Amino acid sequence: MLAEFPCRIRGFHSDNGSEYINHMVAELLNKLLIEQTKSRPRHSNDNGLAESKNGAVVRKHMGYTHIAAAHAAAVADFFKEHLNPYVNSHRPCGVPEVVVNAKGKEKRVYRWYATPWEILRQLPDVASYLKTDLTIAQLEQKAQAQTDTQAAEAMQEAKRKLFNSCQGRSTSQTTARLPLVGRGETTALRQSKTKTFSEGKPTQSEGAHSLRLVGPGTHKSNQERRS
């Protein structure tokens, strides 16, 4: 993951999750001389850029379901080989510009849309921020290897293959573990489904004894029930 960053990493900002706050990450950051900062608990806006990317990019393509450990390696390869290059070199994003009106109120407007690589390229002396083994020409050549449409089509095709492989693997594992539903379902499964459906619902006899009739003509019925 670190090799994918074209720039030298000087800071690492994360939330307080155990995947970021642990001895292994601390040793790695100390070795690379990277400063770590943390967000406040229950303040997602402390890391607004990462949270917005999770919603607008990651969740849009991968959904909100849990990714099982058996599929983690395939998903990581998809990110590295297809999704990250597409997002960084071919997917435009809005660049905010702060405009102040006559009353002093600030408002963000989006007049310029560019890819992250195009935005990075606008920095003065951008070469000084790159790693020593990378040049602007190399990054530009990598970005121009495909058009935006070609990169999007290749990414979508890779995503379809990924989902099909994960679905096929999950289906085979599920078939081996779970009984069939329908004509092939077992008696135990039907009883379990019936118990789950009716659990917590009062039976008809319970409802009749717990509720009293109201309205005209019901006084006699209530007296007969007491006797």
Q.
Just the residues that are more than 26 Å from the chain's Cα centre (by Cα), in a helix (DSSP H, G or I) and of a type in the set (Asp, Glu), please, taken from segment 121-153.
A. Glu140
(Q) Can you find, within segment 121-143, the residue that is surrounded by the most Cβ atoms within 10 Å (Cβ to Cβ) among those that are of a type in the set (Ser, Thr, Tyr) and farther than 26 Å from Glu97 by Cα? (A) Thr135
Q: Six or more apart or on different chains, Cβ under 6 Å: which pairs go from a residue in segment 2-28 that's touching a residue at least 40 places away in the same chain (Cβ under 8 Å) to one that's aromatic (Phe, Trp, Tyr)? Could you list them?
A: Cys7/Tyr129
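Of the residues that make up segment 29-45, is at least one in contact with a helix residue (DSSP H, G or I) (Cβ under 7 Å, 6 or more places away or on another chain) and in a helix (DSSP H, G or I)?
yes
May I ask you to verify whether Pro92 is under 30 Å from Asn164 (Cβ atoms) and in contact with a strand residue (DSSP E or B) (Cβ under 7 Å, 6 or more places away or on another chain)? Steps first, please.
Working: under 30 Å from Asn164 (Cβ atoms): yes; in contact with a strand residue (DSSP E or B) (Cβ under 7 Å, 6 or more places away or on another chain): yes.
Yes: the conditions hold for Pro92.
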**Q.** Entirely in segment 59-120, the helices (runs of 4 or more DSSP H) that have 1 or more residues that are surrounded by 10 or more Cβ atoms within 10 Å (Cβ to Cβ) and free of Cβ contacts under 8 Å to residues at least 24 places away in the same chain
**A.** 59-62, 69-78
Q. Cβ-Cβ below 7 Å, separation at least six or inter-chain, first residue in segment 31-44 and touching a residue at least 24 places away in the same chain (Cβ under 8 Å), second among the basic types (Lys, Arg): which pairs?
A. Ile34/Arg10; Glu35/Arg10
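Throughout, read-outs are computed from the coordinates displayed, never taken from laboratory work. Just so you know, these numbers come straight off a predicted model, no measurement behind them. No Cβ is skipped: glycine too gets one built from the backbone with ideal geometry, and neighbour counts run over all protein chains shown.
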